[in-house]
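Visitor: Provided herewith is a single structure, encoded as structure tokens, for subsequent inquiry.
The values are calculated or read from the model by the stated rules, or taken from the named source; none is laboratory data. All figures in this text were calculated on a predicted structure; none of them were measured in a lab. Don't worry about glycine lacking a Cβ; one is built from the backbone with ideal geometry, like all the others, and counts go over all protein chains shown. Heavy atoms of the whole protein, side chains included, go into the accessibility calculation; ligands, DNA and RNA do not. Shrake-Rupley method; radii C 1.70, N 1.55, O 1.52, S 1.80 Å.
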Amino acid sequence: MMRRVYLWAGSLLVGCAIGYLVYEWLIGPRVYLEPVGEGTLVHTIVASGRVQSAHRINLGAQITGTVSKVLATEGQKVARGQLLLTLDSAELSASVAQARAAEQLAASNVRLVQEVKAPLAKQAWAQAEINVLSAQKAVVRAQALFVQGFYGGVSNEDAQRALEIAQSQFSIAQHQWTSVQPGGSESDSAQAAWVQAKAALQTQLARFRYSQILAPRAAVLMARNVEEGDAVVPGKVLMVLSPLGSTQLILQIDEKNLKWLQLGQRATAYADAFAERKFAAHVAFIHPAVDAQRGAIEVRLDVSEPVDLLKQDMTVSVDIEVARRPQAVLLAQTAIHDFDSEAPWALVVRGGKAVRQSLTLGLVGQGKVQVLAGLQAGEMVIPTAQTGVHEGGRIRQAQP
């Protein structure tokens with residue numbers, strides 16, 4: 001009797017299990033579904049590169065000399081016009097003093113011509129003119145007395161000779177007056193000597209300035225190849241500067257992304273050593289040729305604002321925004337079958353069944369894919385990783 005009861009109970013349990021399995025098969029398995037969403041999709045190109053200044057400035061001496069002071073150290077920020085290095089300038093200082101004295105002497109000579117010689121020449125010219133008039137009157141008077149018999153021939157000749165001397169002195173005075181006027185020979189000579197002396201002074205001052213090496217612009221001192229007491233010659237690089245405000249990021253980007261790249265595109269970057277400090281940049285240069293060996297193209301980005309933490313040749317990671325699609329139909333890439341093929345598809349839930357749907361895809365970004373055709377926002381799609389689901393089968397959504 002008990003044996004029959006056990007057999008009946010076992011048969012009942014087996015029947016219940018079979019019935020449950022049949023029920024589960026009829027209504028379909030429980031699966032987690034991926035919703036089709038709608039929103040803005042940003043397509044980015046991710047690359048790594050290095051920090052590089054747009055250019056470097058090599059500083060050297062223009063004269064031969066001995067270094068007397070070095071006033072900057074490697075890694076130091078320097079301002080435009082800041083004194084970085086001086087050479088021994090004793091000889092140059094003496095040359096400047098000599099040239100300045102010569103310039104002052106030439107300037108004094110110009111003033112001497114204008115303030116002393118010109119007035120004296122004018123007075124001499126006026127006096128000579130008076131002397132000529134007086135001599136002319138004396139000649140007329142002597143001739144009249146000679147005719148009347150009061151003067152002899154000698155007195156008349158003396159009066160005539162005095163007139164000739166007065167006329168000669170008048171001519172000389174007139175010439176002297178003309179020469180000290182602007183455009184005259186003595187005035188022009190004094191002016192020319194002054195100009196020459198000023199030029200010589202400027203030359204010596206320029207040579208003196210060669211003994212002081214200044215920063216041509218705000219920069220960071222990258223390298224210093226000189227110490228106090230070193231002898232330097234023209235052409236030798238003494239210091240290397242990296243200008244501030246001209247930082248670039250140099251990237252090598254796979255050539256397959258070339259179709260997306262354009263000048264001016266915005267990017268977000270960070271140094272690998274300071275991943276939490278992100279900063280903005282933009283595409284400033286796209287190399288016209290592809291590197292055949294690496295299959296990559298060089299792209300340079302300008303950093304929008306100076307970033308103190310960036311160092312020369314530091315490694316950086318960059319996300320370049322190359323496209324943006326607002327109000328796009330979006331689906332997770334993990335829900336798309338044959339994503340890299342020419343005929344991608346997905347299993348979409350319609351009427352409680354899994355239906356194969358061909359897709360037309362657009363942009364890809366941040367794990368999402370733009371669906372151009374095949375799906376609508378709000379539909380539910382079965383992820384590719386879900387097992388136990390076949391096309392046409394019933395399914396139920398599992399609660400997360």
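Visitor: Give the label of the value calculated from the structure for mean projected area of the Cα convex hull in nm², choosing from (i) 44.5; (ii) 23.6; (iii) 20.0.
Guide: (i)
Visitor: Region 251-370: D in µm²/s via Stokes-Einstein (Kirkwood Rh, Cα pairs, 25 °C, 0.890 mPa s)?
Guide: Values: Rh = 17.3 Å.
Using the Kirkwood radius from Cα pairs, D works out to 142 µm²/s.
Visitor: How many Å² of accessible area per residue for the chain, probe 1.4 Å?
Guide: Details: 24080 Å² over 400 residues.
Ligands and nucleic acids excluded, the result is 60 Å² per residue.
Visitor: Can you run phi through the Karplus equation (6.51, -1.76, 1.60; θ = phi - 60°) for region 195-210 and list ³J(HN,Hα) in whole Hz, with x for Gly and Pro?
Guide: Calculated HN-Hα couplings, in order: 4, 5, 5, 5, 5, 5, 5, 4, 4, 5, 5, 5, 5, 5, 5, 4 Hz.
Visitor: Note down the nm distance, to one decimal, between modelled labels 7 Å out along Cα→Cβ at Ala206 and at Glu228.
Guide: It works out to 3.2 nm between the two label points.
Visitor: Here is a further query. With a 1.4 Å probe and all protein chains kept in place, how much accessible area does Asp88 have, in Å² rounded to the nearest 10?
Guide: The accessible area of Asp88 comes to roughly 100 Å².
Visitor: What does the charge add up to near Glu228, with Lys and Arg as +1, Asp and Glu as -1, over the other residues with Cβ less than 12 Å from its Cβ?
Guide: Values: positive: Lys69, Arg224; negative: Asp88, Glu227, Asp230.
Around Glu228, the charge tally is -1.
Visitor: Quick one: putting +1 on the C-beta of Lys and Arg, -1 on the C-beta of Asp and Glu, what dipole do you get for region 288-390 around its Cα centre, in Debye to the nearest 20? Show your work: numbers first, answer last.
Guide: Values: 9 positive and 12 negative charges, 137 e Å.
Magnitude of the dipole: close to 660 debye.
Visitor: Could you give the radius of gyration (one decimal) and Dmax (whole number) of the Cα atoms in region 192-309, in Å?
Guide: So, for region 192-309, Rg and Dmax equal 22.8, 71 Å respectively.
Visitor: Taking amide hydrogens as modeled 1.01 Å from N in the peptide plane, which residues meet the under 5 Å criterion relative to Leu361, leaving out close sequence neighbours?
Guide: Answer set, sorted by chain and number: Leu372.
Visitor: Which of Arg324, Arg80, Arg111 moves most in a GNM of the chain, Cα contacts under 10 Å?
Guide: Comparing Arg324, Arg80, Arg111 in a Gaussian network model of the chain, the most mobile one is Arg111.
Visitor: Continuing with this model, one more query. Give me a comma-separated list of calculated 3J(HN,Hα) values for region 78-92, in order, Karplus coefficients 6.51, -1.76, 1.60 applied at θ = phi - 60°, integers in Hz, x for any Gly or Pro.
Guide: 10, 8, 4, x, 6, 6, 9, 7, 10, 9, 4, 10, 4, 5, 5
Visitor: Further question on the same structure: Which one of Ala128, Ala269, Ala284 has the biggest mean-square fluctuation once the chain is modelled by GNM with Cα springs under 10 Å?
Guide: Top of the fluctuation ranking is Ala128.
Visitor: Work out the charge dipole of the chain with +1 on the Cβ of Lys and Arg and -1 on the Cβ of Asp and Glu about the Cα centre, then indicate which of Ala118, Gly39, Ala377 is farthest towards its positive end.
Guide: Of the listed residues, the answer is Ala377.
Visitor: Turning to a different aspect of this structure: Tell me, what HN-Hα J-couplings in whole Hz come from the Karplus equation 6.51 cos²θ - 1.76 cosθ + 1.60 at θ = phi - 60° for each residue of region 342-356, using x for Gly and Pro?
Guide: 7, 9, x, 8, 8, 9, 9, 8, 9, x, x, 10, 7, 10, 6
Visitor: Can you tally the lysine pairs in the chain where the Cα-Cα distance is under 26 Å and the two residues are eight or more apart, or on different chains?
Guide: So the count works out to 13.
Visitor: Separate question: First select every other residue whose beta carbon is under 12 angstrom from the beta carbon of Val46; then total the charges, Lys and Arg +1, Asp and Glu -1.
Guide: Numbers: positive: none; negative: Asp254, Asp319, Glu321.
Around Val46, the surrounding residues sum to -3.
Visitor: Using modelled amide H (1.01 Å from N, peptide plane; none on Pro or chain starts), what sits under 5 Å from the amide H of Met314, excluding residues fewer than 5 places away?
Guide: Hits under the 5 Å cutoff: Val51.
Visitor: Top mean-square fluctuation among Gln196, Gln174, Gln98, Gaussian network model of the chain, C-alpha springs under 10 Å?
Guide: Sorting by GNM fluctuation, first place goes to Gln174.
Visitor: Counting Lys and Arg as +1 and Asp and Glu as -1, what is the net charge of the other residues whose Cβ lies under 12 Å from the Cβ of Ala61? All intermediate terms of the calculation are to be shown ahead of the outcome.
Guide: On the way: positive: Arg207, Arg209, Lys236; negative: Asp88, Asp230.
Net of charged neighbours comes to +1.
Visitor: Shifting gears a bit: Report, in debye and to the nearest 20, how large the dipole of the chain comes out about its Cα centre when Lys and Arg carry +1 and Asp and Glu carry -1 on their Cβ.
Guide: On the way: 37 positive and 34 negative charges, 257 e Å.
Using Cβ point charges on Lys, Arg, Asp and Glu, the chain gives about 1240 debye.
Visitor: Based on the Cβ-Cβ distance of Thr315 and Leu372, what FRET efficiency does E = 1/(1 + (r/R0)^6) give at R0 = 45 Å, to the nearest 0.05? Before the final figure, lay out each step's value.
Guide: Working: r = 37 Å, r/R0 = 0.83.
For R0 = 45 Å, the calculated efficiency reads 0.75.
Visitor: I would also like to ask the following. What figure in square angstrom, to the nearest 10, would you give for the accessible area of Val51 with a 1.4 Å probe?
Guide: Accessible area, nearest 10 Å²: 10 Å².
Visitor: What is the gain in length, in nm to one decimal, between Gln114 and Ser189 on full extension, counting 0.36 nm per residue of separation less the C-alpha to C-alpha distance? Write down the numbers at each step before the final one.
Guide: Values: separation 75, 0.36 × 75 = 27.00 nm, distance 1.24 nm.
25.8 nm is the gain from fully extending Gln114 to Ser189.
Visitor: Would you grab the residues whose amide H sits under 5 Å from the one on Arg324? Only those 5+ places off in sequence or on another chain, please, with H modelled 1.01 Å from N.
Guide: Placed amide hydrogens put His43 under 5 Å from Arg324.
Visitor: Shifting gears a bit: Please list Val232, Val290 from largest to smallest accessible area, probe radius 1.4 Å, with all protein chains kept in place.
Guide: Val290, Val232
Visitor: Let me know the charge dipole size of region 68-136 about its Cα centre in debye, to the nearest 20, where only the beta-carbon of Lys, Arg (+1) and Asp, Glu (-1) is charged. Could the numbers behind the result be given before it?
Guide: Numbers: 7 positive and 6 negative charges, 44 e Å.
That gives a dipole near 200 debye.
Visitor: At a probe size of 1.4 Å, how large is the accessible area of Lys69, to the nearest 10 Å²?
Guide: 110 Å²
Visitor: Is any residue of region 103-117 close enough, with backbone N under 15 Å, to a label point placed 7 angstrom from the Cα of Gln181 along the Cα-Cβ axis, and if so, which?
Guide: Under cut-off, by backbone N: 114.
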